[in-house]
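Just so it is clear, none of the values below were taken in a lab; they were calculated from the coordinates. On a predicted model such as this, the values are computed, not experimentally measured, just so you know. Here the Cβ positions follow ideal geometry from the backbone for every residue, glycine too, while neighbour counts run over all protein chains shown.
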Amino acid sequence: MAALHLLLLSLLCTLFVYQCHGACAEVDSDTEAVAGKGFKLGCISCKRRSEVAGSATVEWYFRAKGEADFVPIYTYDEDGPTIKHDHFMDRLDWNGSKRSNDIQDGSIYLLNVTFNDTGTYSCFFNRILFYDNYECNTVVNKVVQLSVVAKATRGTASIVSEVMMYVSIIGLQVWLLIEMIYCYRKIAAAGEEALREAANAEYLAIASESKDNCAGVQVGE
């Protein structure tokens with residue numbers, strides 16, 4: 001039983017690690033940047049049919065606070081990145097999928113953030129899926145509302161996330177401790193049972209030998 005529990009635990013851990021590394025998760029971008037620091041503008045669009053070949057290009061647009069229209073600022077395609085606005089020249093770096101045209105992470109990194117970077121950023125995924133007899137074109141849009149502050153503040157979501165992380169770690173440790181105690185007790189019980197069986201077998205052997213000796217003495221008399 002103990003070996004079975006350990007085997008199941010190993011399989012669950014292996015499955016958990018595999019899913020964590022192999023899956024695509026559409027995590028929302030952070031929305032608060034600190035002036036003078038760098039900031040990652042997150043944009044992830046997971047492909048729903050992972051077995052289907054595809055390619056994608058990414059376009060970023062920006063609308064400054066108080067402005068009415070979006071302006072193109074960045075594109076990434078098979079030819080590489082292109083910065084399209086003077087305000088962001090030499091301040092944007094690709095931070096998404098590498099070495100593949102099948103892009104799922106279209107994030108970019110903004111260097112030396114200024115208060116003029118406050119506004120709305122819009123990310124477009126233009127994706128083509130290649131089926132046997134046709135191609136399917138899709139467009140996915142993600143929006144990031146960015147605010148720039150002078151000093152980093154810790155939001156409620158960050159605090160809750162950290163608390164949940166510690167709770168998960170403590171819960172996992174408690175569960176592992178319970179499993180270890182359970183396995184130890186099972187092994188100890190199995191050992192005691194084996195000792196009892198060995199003692200009983202030795203007792204029966206001694207009793208049988210004594211009986212045989214007694215029978216031999218009676219025959220001799």
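Label-to-label distance, A198 versus I169, with points set 7 angstrom from Cα along the beta-carbon direction: 4.3 nm. For the listed peptides 132-138, 77-83, 35-41, a ranking on the average number of other beta carbons within 10 Å per residue, highest first, reads 35-41, 77-83, 132-138. Spin-label pair H87-V71: with each label point 7 Å from Cα along the Cα-Cβ axis, the two points sit 0.6 nm from one another. Approximating the spin labels as points 7 Å out from Cα along Cα→Cβ, the A53-to-N112 distance works out to 4.3 nm. Under the classification rounded if a/c is under 1.5, otherwise prolate if a/b is larger than b/c and oblate if not, where does the range 56-182 fall, given a ≥ b ≥ c as square roots of the Cα gyration tensor eigenvalues? It comes out oblate by the Cα gyration axes. Each peptide among 164-171, 104-111 gets the average number of other Cβ atoms lying within 10 Å of its residues, and from highest to lowest they stand as 104-111, 164-171.
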